[in-house]
Amino acid sequence: MSETQFDLVIRRALVATASDTFLSDIGIRDGVIEQLGRNIAAGKKEIDAAGRTVTPGGVDGHCHLDQPVPAPLRMADNFETGTRSAACGGTTTVIPFAVQEKGHCLQDAVDDYHRRAKDRAHVDYAFHLIVSDPTPDVLERELPRLIAEGYSSFKIYMTYDDLKLNDGQILDVLDTAKKHNALVMVHAENADCIEWLTKRLEAAGNTAPRFHGHSRPMLVEREATHRAIALSELVDVPILIVHVSGREAVEQIRWARGHGLNIFAETCPQYLFLSAEDMGVDNSYVGAKCVCSPPPRDKGNQDVIWAALAEGLFTVFSSDHAPFNYEGLDGKHPDGQEMPFRYVPNGIPGLETRMPLLYSEGVLKGRITVNKFVELTSTNAAKAYGLHPRKGTIAIGSDADLVIWEERDTEIKNTMLHHATDYTPYEGIKLKAWPAMTLCAGEVVWDGKDFQPRLGKGRFLQCSAPSLLPKK
Ligand code: URP
Ligand code: ZN
Ligand code: ZN
């Protein structure tokens, strides 16, 4: 055999990156893309991708796996089931969150999260941090050290009692991010407004799941988005606003960009495919399945999010997979009890459906180009979180993380998904595409029909400085 024989060659692929679309063979050795071009040398294995679009494996920069939550609640997906589900939907890198508990150090959270992930991932993973207690020690010692060790992004919350920071604390965290070249992701909702509205709704007996939406109207997100932008401007550091749900937050981000501010933004499938009605048109409890924050809005807001995606307002499209079972003691409907919306755990599953939903309804329906799809689902997350060009593109030297797309009619059903959550909020949506194959480091992990386990082969990735940020 010749010296140039590859481990695997994918032939006649229509390769789509964030910038280009071209016909090419892909030569893979040792899990890395070694050659691109036509009629390259033979592979020990070959896959014919003629007529198929091949994109980089997805990088889901916002998902929650096996995150500690107060008992009896429990996240339904751990690293094993979450990365299995990710792979079957075309995602080959996940970035969940190591959460600092108030009163504890960040290192404890990181150590605990490594224990949860170790030997359990089927695809590669990195960690964001959640900073809930920015003490001087955290700001001056822990964060700088952790950033240097490969944890270059952290999320902060403006709501949730156990996580929220006040404006002064946010400024401190932003200042640390600026000094050490990290990226801060902001959950922007006004905690006091939510609490005030929740109490009024409860006093009036309005506690069904749909009132979750009433307790978090768009004003609450708009105000916090505006405030986060102002705080970022004051410190002069970029931020990324996560899970943007509709028009009023989009307007704030557009305003900031128009004023030359470096504000990045994320949206998620729930703001394109779910609406307030999915949390219940009457007081039916099943709407709890779609309770997440910010809540899904209405059709008009879905259109605004689609337009903003096409226009380039959004940097990343993530799942915000936050998996709680519906049935069972540990989930949204514990032991069949109908909980007031305040106690319904926030979050919905979506790791596996993220890429097919956007490919089918975005690319194939002509709302976005395939290159924009790649940018949103893979390249920009890799850049924002310091993993590019190893991840997020199809280039010589990049990891051979690839998705071969097939145009096929698929109706989403929870029974066909690979997560451990007992429902999908997207049940019954009819799609025109699904991955025919997902490869992680050159190995087939989803063959279009069956999951091919790689348990423990998913590697922990240390993140460098975000490459979306202007160079200092
Ligand atoms: O409702 C949501 N989004 N739950 C997950 C946690 C978060 O804030 O992203
Ligand atoms: Zn959030
Ligand atoms: Zn989240």
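The values are calculated or read from the model by the stated rules, or taken from the named source; none is laboratory data. Fair warning: this is a prediction, and the values are worked out from it, not measured in the lab. Neighbour counts are summed over all protein chains in view; Cβ atoms, including those assigned to glycine, are modelled from backbone coordinates with ideal geometry. Please note that ligands, DNA and RNA were not included when accessible areas were found on the heavy atoms of the full protein model with its side chains. Shrake-Rupley method; radii C 1.70, N 1.55, O 1.52, S 1.80 Å.
Gly61: of a type in the set (Gly, Ala, Ser), within 14 Å of ligand 1 (Cβ to nearest atom) and crowded, with 24+ Cβ neighbours inside 10 Å, yes or no? Yes.
When the stretch 174-198 is filtered for residues that are under 25 Å from Glu251 (Cα atoms), within 22 Å of the chain's Cα centre (by Cα) and not in a loop (DSSP other than H, G, I, E, B), the ones remaining, listed by number, are Leu174, Leu183, Val184, Met185, Val186, His187.
Scanning the stretch 248-266 for residues that are buried (at least 19 other Cβ atoms within 10 Å of the Cβ) and within 22 Å of the chain's Cα centre (by Cα) yields Glu248, Ala249, Val250, Gln252, Ile253, Ile263, Phe264, Ala265, Glu266.
The set of residues in the stretch 128-164 being within 16 Å of ligand 3 (Cβ to nearest atom) and either touching a helix residue (DSSP H, G or I) at 6+ places or on another chain (Cβ under 6 Å) or not hydroxyl-bearing (Ser, Thr, Tyr) (or both) consists of His128, Leu129, Ile130, Val131, Phe154, Lys155, Ile156, Met158, Thr159, Asp162, Leu163, Lys164. State whether one or more residues within the stretch 343-350 are away from ligand 3 (no atom under 16 Å from the Cβ), at pLDDT 95 or above and not acidic (Asp, Glu). Yes: the stretch 343-350 contains one or more residues that are away from ligand 3 (no atom under 16 Å from the Cβ), at pLDDT 95 or above and not acidic (Asp, Glu). Report the residue count in the stretch 267-284 for those that are in a helix (DSSP H, G or I) and open to solvent by 10 Å² or more (accessible area, probe 1.4 Å). Result for the stretch 267-284: 4. Here are some residues: Asp119, Asp111. Which one is acidic (Asp, Glu), more than 21 Å from Leu171 (Cβ to Cβ) and free of Cβ contacts under 8 Å to residues at least 24 places away in the same chain? Just one listed residue meets the conditions, Asp111. Scanning the stretch 199-215 for residues that are within 19 Å of Val286 (Cα to Cα), out of contact with any Gly (no Cβ under 8 Å at 6 or more places or on another chain) and assigned to a loop (DSSP other than H, G, I, E, B) yields Gly205, Asn206, Thr207. Residues that are more than 28 Å from the chain's Cα centre (by Cα) and closer than 11 Å to Ala400 by Cα were ranked within the stretch 11-34; the one that is surrounded by the most Cβ atoms within 10 Å (Cβ to Cβ) is Gly27.
Just checking, which of Asp330, Asp320, Asp298 is within 16 Å of ligand 3 (Cβ to nearest atom) and open to solvent by 10 Å² or more (accessible area, probe 1.4 Å)?
Asp320
Could you tell me which residue of the stretch 242-266 is nearest to ligand 1 (Cβ to nearest atom), considering only residues that are assigned to a loop (DSSP other than H, G, I, E, B) and of a type in the set (A, V, I, L, M)? The qualifying residue nearest to ligand 1 (Cβ to nearest atom) is Val242.
Confirm whether Pro345 is more than 25 Å from Ala16 (Cβ to Cβ), in contact with a Pro (Cβ under 9 Å, 6 or more places away or on another chain), assigned to a loop (DSSP other than H, G, I, E, B) and within 16 Å of ligand 2 (Cβ to nearest atom).
no
Total residues in the stretch 419-449 satisfying the condition of being part of a loop (DSSP other than H, G, I, E, B), touching a Lys or Arg at 6+ places or on another chain (Cβ under 8 Å) and open to solvent by 40 Å² or more (accessible area, probe 1.4 Å): the figure is 1. What residue, among those in the stretch 171-195 that are open to solvent by 10 Å² or more (accessible area, probe 1.4 Å) and acidic (Asp, Glu), is farthest from ligand 3 (Cβ to nearest atom)? Filtering the stretch 171-195 for residues that are open to solvent by 10 Å² or more (accessible area, probe 1.4 Å) and acidic (Asp, Glu), the one farthest from ligand 3 (Cβ to nearest atom) comes out as Asp175. Scanning the stretch 65-87 for residues that are in contact (Cβ under 8 Å) with a residue 60 or more places away in the chain, in contact with a strand residue (DSSP E or B) (Cβ under 9 Å, 6 or more places away or on another chain) and assigned to a strand (DSSP E or B) turns up nothing. Scanning the stretch 353-368 for residues that are open to solvent by less than 30 Å² (accessible area, probe 1.4 Å), farther than 19 Å from Trp446 by Cβ and assigned to a loop (DSSP other than H, G, I, E, B) gives a single hit, Ile368.
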